[in-house]
Amino acid sequence: MKQTIIITGGAGFIGSHVVREFATKYPDYTIVNLDALTYAGNLENLKDVDHLPNYKFEKIDICDAQAVLEVFKKHQPTGVIHLAAESHVDRSIADPSAFVMTNVIGTVNLLNAAREIWNDASTGSAKGYEGKRFHHVSTDEVFGALGSEGFFTEDTKYDPHSPYSASKAASDHFVRAYHDTYGMPMVLTNCSNNYGPNHFPEKLIPLCIHNIINNKPLPIYGDGKYTRDWLFVIDHAKAIDLVFHQGKNGDCYNVGGFNEWQNIDLVKELCQQLDTKLGREPGTSAQLITFVKDRPGHDLRYAIDANKINKELGWYPSVTFEQGLAKTIDWFMDNQEWLNNVTSGDYQKYYDTQYQE
Ligand code: NAD
Ligand code: TYD
């Protein structure tokens, strides 16, 4: 079936991989990338696919309800894959309001626009919903923090702690509420920490790669024993493809890498691999490790039970962490111009305020 899919946040880290996956795998689909190009959005991320005849770009802020409705009327999408968000926990601690606006209000604006063009709101007819789907991309952070044991399943109670995760949890609730109340066809994915090419260097892995290359301190929050489950971004894009096409209407799927690391061990691994790539003496980059003040409300551990998506849809990560990390480091080494561009201007201001203590 031919489809027109609006992908929001397609100029960002994960969104650009999702756009690439869909635009190249489904030449019959029209892919509309809807993105406001905030500090995290970068059309350079799509330079290898933006010439494709089935790719279109719309510069739209999802907080602008009228603009969102107009773009939906113009393109008449059959599907929406919603990734646009403010995504960095530390920024959410500094300014929660931007997260409420984009992550909560922006999501509701998209749901309203989808409802308006898919459903005859005056008669309550759900006929227009046939063959339509709203895929909401969320995070494992909505489930809160785990102790040293156990995993998040699809039934784990929501317990968000940061303004970021609270705003994502609220958006998840709205998507489910539109399903239960208005019959909106939806699927939802909650994924663990991603890493890979085009990752904005404010998150742990790309920040450390950038700083190791430039001989800058590697800030480790608290004692560094916080644990995250890491997934290569292209495997997340493949999971989204599967759930969007084959997930059960109204269902949620956890996506994870079966790959837990304590932050300090992960950073030491990065140091080791980069020492080799940069021709440095073993142990050189590890000297950059600097323990800094902890993040307030820091969640101890995230770990995903991804058995449902594995059993129902046959998804499993296609690369090991060793392979994924090597590809990521190589990409950053080969794309230092990209790194220099995104770390100029406002980035430096953010970075200096963040780590001045
Ligand atoms: P990102 O910060 O790299 O990119 C976000 C994109 O959204 C950018 O292109 C930005 O320009 C766009 N955007 C932001 N505000 C907008 C607005 N008001 N209107 C239109 N566009 C706007 O984020 P990411 O890391 O690629 O995450 C994408 C999605 O995946 C988010 O919803 C995030 O919550 C979710 N997620 C991320 C991770 C992760 O590890 N990064 C893990 C699980 C889930
Ligand atoms: P991050 O990449 O910001 O992702 P999230 O907070 O969404 O999990 O952080 C990953 C982990 O690394 C988290 O425990 C916080 C920690 N961290 C540091 O220790 N130092 C840093 O400079 C950053 C950005 C994160």
Revision key, fill the gap. Around Ala286 (Cβ within 11 Å, Cβ-to-Cβ, excluding Ala286; K/R +1, D/E -1) the net charge comes to -1
Practice item. Treat each spin label as a single point 7 Å out from the Cα along the C-beta direction, and report the Asn215 to Asp48 distance in nm. Key: 3.2
Practice item. Any chance you could look up the accessible area of Arg295 with a 1.4 Å probe, heavy atoms only, rounded to 10 Å²? Key: 50
**Study point:** 222 nm mean residue ellipticity, helices alone, for the chain (DSSP H n ≥ 4; -39,500 (n - 2.57); rounded to 500)
**Key:** -12000 deg cm²/dmol
Exercise for review: Considering only DSSP beta bridges where both residues belong to the chain, give the percentage that are antiparallel (nearest 5).
Suggested key: 10
Review point. So how much slack lies between Thr4 and Lys248, counting 0.36 nm per residue of separation and subtracting their Cα-Cα distance, in nm?
Key: 85.8 nm
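Can you check what the net charge comes to around Glu21, using other residues whose Cβ is under 10 Å from the Cβ of Glu21 (Lys, Arg +1; Asp, Glu -1)?
+2
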Revision key, fill the gap. accessible surface per residue for segment 180-244, probe 1.4 Å, DNA/RNA/ligands not counted, whole Å² -> 23
**Study point:** Gain upon complete extension [Ile289, Tyr316; 0.36 nm per residue less C-alpha separation]
**Key:** 6.4 nm
**Study point:** Sequence ranges 133-139, 201-207, 158-164, ranked by mean other-Cβ count within 10 angstrom, highest first
**Key:** 133-139, 201-207, 158-164
Review point. Which shape class, rounded, prolate or oblate, goes with segment 261-338 when its Cα gyration tensor gives a ≥ b ≥ c as root eigenvalues, a/c under 1.5 marks rounded, and past that a/b bigger than b/c marks prolate?
Key: oblate
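With a Förster radius of 25 Å, plug the Cβ-Cβ distance of Met333 and Lys25 into 1/(1 + (r/R0)^6) and report the FRET value to the nearest 0.05.
With R0 = 25 Å, the Cβ-Cβ based efficiency is 0.35.
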**Study point:** Accessible-area value, Ser92, 1.4 Å probe, nucleic acids and ligands omitted, Å²
**Key:** 0
Practice item. Cross-chain or 8 or more residues apart, Cα under 16 Å: how many lysine pairs in segment 228-321 fit that? Count them up, please. Key: 5
Exercise for review: May I ask you to rank Tyr350, Tyr182 by accessible area, largest first, using a 1.4 Å probe over the protein chains only?
Suggested key: Tyr182, Tyr350
Revision key, fill the gap. Pseudo-spin-label distance Glu154 to Asp346, built 7 Å along Cα→Cβ, given in nm, is 3.8
Point to revise | Contour minus Cα-Cα distance for Asp180 and Ile117 (0.36 nm per residue) | key: 20.9 nm
Exercise for review: Please work out the ratio of the alpha-carbon Rg of segment 187-276 to 2.2 N^0.38 Å and round it to two decimals.
Suggested key: 1.28
Review point. For segment 1-132, what class follows from the C-alpha gyration tensor (a ≥ b ≥ c being the square roots of its eigenvalues): rounded when a/c is under 1.5, otherwise prolate if a/b is larger than b/c, else oblate?
Key: oblate
Practice item. In debye, nearest 20, what is the charge dipole magnitude of the chain about its Cα centre with +1 on Lys and Arg Cβ and -1 on Asp and Glu Cβ, if you could check? Key: 580
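The values are calculated or read from the model by the stated rules, or taken from the named source; none is laboratory data. Predicted model only: the values in this text are computed from it and were never measured. Quick reminder, even Gly has a Cβ in these numbers, built from the backbone with ideal geometry, and neighbours come from all protein chains shown. All accessible areas refer to the heavy atoms of the entire protein, side chains included, with ligands and DNA or RNA removed. Shrake-Rupley method; radii C 1.70, N 1.55, O 1.52, S 1.80 Å.
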